[in-house]
Number of protein chains: 2
Amino acid sequence: MNRLCTLTAPKGRPREFDLDEALAGALRVFWRNGYEGASMAELTAEMGITKPSLYAAFGNKEALFHKALDLYEREKLAYMTSALDAPTARAVAERLLRGALQMQMSTCDPKGCLSVISSVACSAEAEPIKAEVAKRRASSEAALMKRFDEAKAAGEFPDGLESHALMRYLFAIMQGLSIQAGSGATCTELNQLVETSLSVWPTK
Amino acid sequence: MNRLCTLTAPKGRPREFDLDEALAGALRVFWRNGYEGASMAELTAEMGITKPSLYAAFGNKEALFHKALDLYEREKLAYMTSALDAPTARAVAERLLRGALQMQMSTCDPKGCLSVISSVACSAEAEPIKAEVAKRRASSEAALMKRFDEAKAAGEFPDGLESHALMRYLFAIMQGLSIQAGSGATCTELNQLVETSLSVWPTK
DNA sequence: TACCCTATATACCGAACGGTATGAATAGGC
DNA sequence: GCCTATTCATACCGTTCGGTATATAGGGTA
């Protein structure tokens, strides 16, 4: 009995749906409705599978959310990591803001940011969800702060402006952007927000 | 039968709880948990009354939320209207940011902003809630924009900076502030956010 | 063909949801 | 004292929640 064969030959009845497609459907529902607002009924409907299939493939609702959040960060927040490659702190900020804007202007995706939505939605049951999102956000914040530390060392910031303060400021704008996008702001308005933020970006 | 007497002499059995205190309790629950996350059980527990009393006095959950939102705006967002009296746009922004900061630093109130929480929480049932919050926010935005229009007419803004763009920018920062406050940011961090925002505020 | 393993579909679980019917308690008006 | 009007407390309504038991269907292996 060769163990390696199990990769190409799964034993029992094969599943009739695509894992990735189903997960993408789950992501859409969580994105539209938040963790608590997403019911198993709506999830299964959008994923095109039944509840037992969902539980067998993904565990439970919380585990499914984690996997959907992974997909979200991998596919929708990719611009956040790539933005760090920009040559200056201002260019990083510009890439981040324009990336966030472009994502919110997508006509096929739900509005707002899944991370922001999930960190705000807050009944008692969703406490571990908030904690998980907070952990991931802290990681993003640390990455941006490290990049801004380099910028500060390179003398890009005015005196008295600390990198962590500027990081926090930039995140606040992006969070505000996603709030306003989720509340029905137009693309023009969101673009104005980005342009204004860039026009006041501090230079030495 | 004098109609006016009904004001001082309500006929039936008098209620045994204080309307304002009960509403304040409801506000706390909505603030902590959002509209959907606030269950009738938790509401009645915090308000110190039973469900039939709640329905008799406030209508239903949605009507109770509206009244709690009224109380919230009246007591907790008072700084937003008074800030408009400041002499310059920058002073208005400073009052708004410091007012928001001070509110988030209160140790007895929940963290975050009820309006932001309610505009994000989003199952299907909460759609009218979102609409109501959006309407009220639009009113606040209009008030701030009018004030910034005056500032622009007074020549306070750099060329090319429109008042509505700056209004949207300032709101974004305040929304980001409340998001970060609700996610466990420290007072020091929130203060840094406010100071940074003020330090980059555009002047002519 | 017989067997094993896994996915499927249906029907169901206890708990919690928002909301209410009902009857006892408590006040004013006559 | 009696009627009316309103509140209070309990128990209950139908629905939906997340999650599962059960039985059938379908593919690999021998």
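Tell me yes or no: at least one residue of the stretch B:123-134 is of a type in the set (S, T, N, Q), touching a Ser or Thr at 6+ places or on another chain (Cβ under 7 Å) and within 12 Å of another protein chain (Cβ to nearest Cβ).
No, every residue in the stretch B:123-134 fails to be of a type in the set (S, T, N, Q), touching a Ser or Thr at 6+ places or on another chain (Cβ under 7 Å) and within 12 Å of another protein chain (Cβ to nearest Cβ).
Does A:VAL29 satisfy being among the β-branched types (Val, Ile, Thr), away from DNA strand C (no atom under 14 Å from the Cβ) and more than 30 Å from A:ALA151 (Cβ to Cβ)?
yes
Assess whether A:PRO110 counts as being farther than 21 Å from B:ILE179 by Cβ, in a loop (DSSP other than H, G, I, E, B) and in the same structural domain as A:LEU144 (by TED's automatic domain parsing).
no
Only residues that are more than 7 Å from chain A (Cβ to nearest Cβ) and at pLDDT below 95: list them for the stretch B:184-204, please.
Hits for the stretch B:184-204 are B:THR203, B:LYS204.
Taking B:LYS61 and the conditions (1) assigned by TED's automatic domain parsing to the domain that holds B:MET167; (2) touching a Leu at 6+ places or on another chain (Cβ under 9 Å), which numbered condition does it fall short on, given that it satisfies the others?
It fails just one condition, (1).
Among the acidic types (Asp, Glu), within 16 Å of DNA strand C (Cβ to nearest atom) and either assigned to a helix (DSSP H, G or I) or under 26 Å from A:ALA138 (Cβ atoms) (or both): which single residue out of A:GLU46, A:GLU73 fits that description?
After ruling out the rest, the residue left standing is A:GLU46.
Looking at the stretch A:123-135, can you tell me whether even one residue there is part of a helix (DSSP H, G or I) and hydroxyl-bearing (Ser, Thr, Tyr)?
No, the stretch A:123-135 contains no residue that is part of a helix (DSSP H, G or I) and hydroxyl-bearing (Ser, Thr, Tyr).
Among the residues of the stretch A:105-119, which ones are free of Cβ contacts under 8 Å to residues at least 40 places away in the same chain and farther than 13 Å from A:ARG32 by Cβ? Even if it seems obvious, please write down each step before you answer.
At the first step, the residues of the stretch A:105-119 found to be free of Cβ contacts under 8 Å to residues at least 40 places away in the same chain are A:106-108, A:119.
A:SER106, A:THR107, A:SER119, listed by residue number.
Any chance the stretch B:31-53 includes a residue that's more than 16 Å from DNA strand D (Cβ to nearest atom) and either touching a residue at least 40 places away in the same chain (Cβ under 8 Å) or crowded, with 20+ Cβ neighbours inside 10 Å (or both)?
yes
Check A:MET105 against each of (1) more than 14 Å from chain B (Cβ to nearest Cβ); (2) more than 14 Å from DNA strand D (Cβ to nearest atom); (3) among the aliphatic types (A, V, I, L, M); (4) under 13 Å from A:LEU27 (Cα atoms) and name the one condition it does not meet.
(4)
Since A:VAL133 meets every condition but one in (1) touching a residue at least 60 places away in the same chain (Cβ under 8 Å); (2) within 16 Å of DNA strand D (Cβ to nearest atom), which condition does it not meet?
(2)
Within the stretch A:90-97, can one find any residue that is within 11 Å of DNA strand D (Cβ to nearest atom), buried (at least 21 other Cβ atoms within 10 Å of the Cβ), in a helix (DSSP H, G or I) and within 14 Å of chain B (Cβ to nearest Cβ)?
From the stretch A:90-97, those within 11 Å of DNA strand D (Cβ to nearest atom) are none; that's our starting set.
Within the stretch A:90-97 (the criterion being within 11 Å of DNA strand D (Cβ to nearest atom), buried (at least 21 other Cβ atoms within 10 Å of the Cβ), in a helix (DSSP H, G or I) and within 14 Å of chain B (Cβ to nearest Cβ)), the answer is no, since none of the residues qualifies.
I'd like to check something: does the stretch A:32-42 contain any residue that is more than 17 Å from the chain's Cα centre (by Cα), more than 13 Å from DNA strand C (Cβ to nearest atom), in a helix (DSSP H, G or I) and not polar (S, T, N, Q)?
Among the residues of the stretch A:32-42, at least one is more than 17 Å from the chain's Cα centre (by Cα), more than 13 Å from DNA strand C (Cβ to nearest atom), in a helix (DSSP H, G or I) and not polar (S, T, N, Q), which makes the answer yes.
The values are calculated or read from the model by the stated rules, or taken from the named source; none is laboratory data. Keep in mind that this is a model prediction, so the values were computed, not measured. We place every Cβ from the backbone using ideal geometry, glycine too, and count neighbours over all the protein chains shown.
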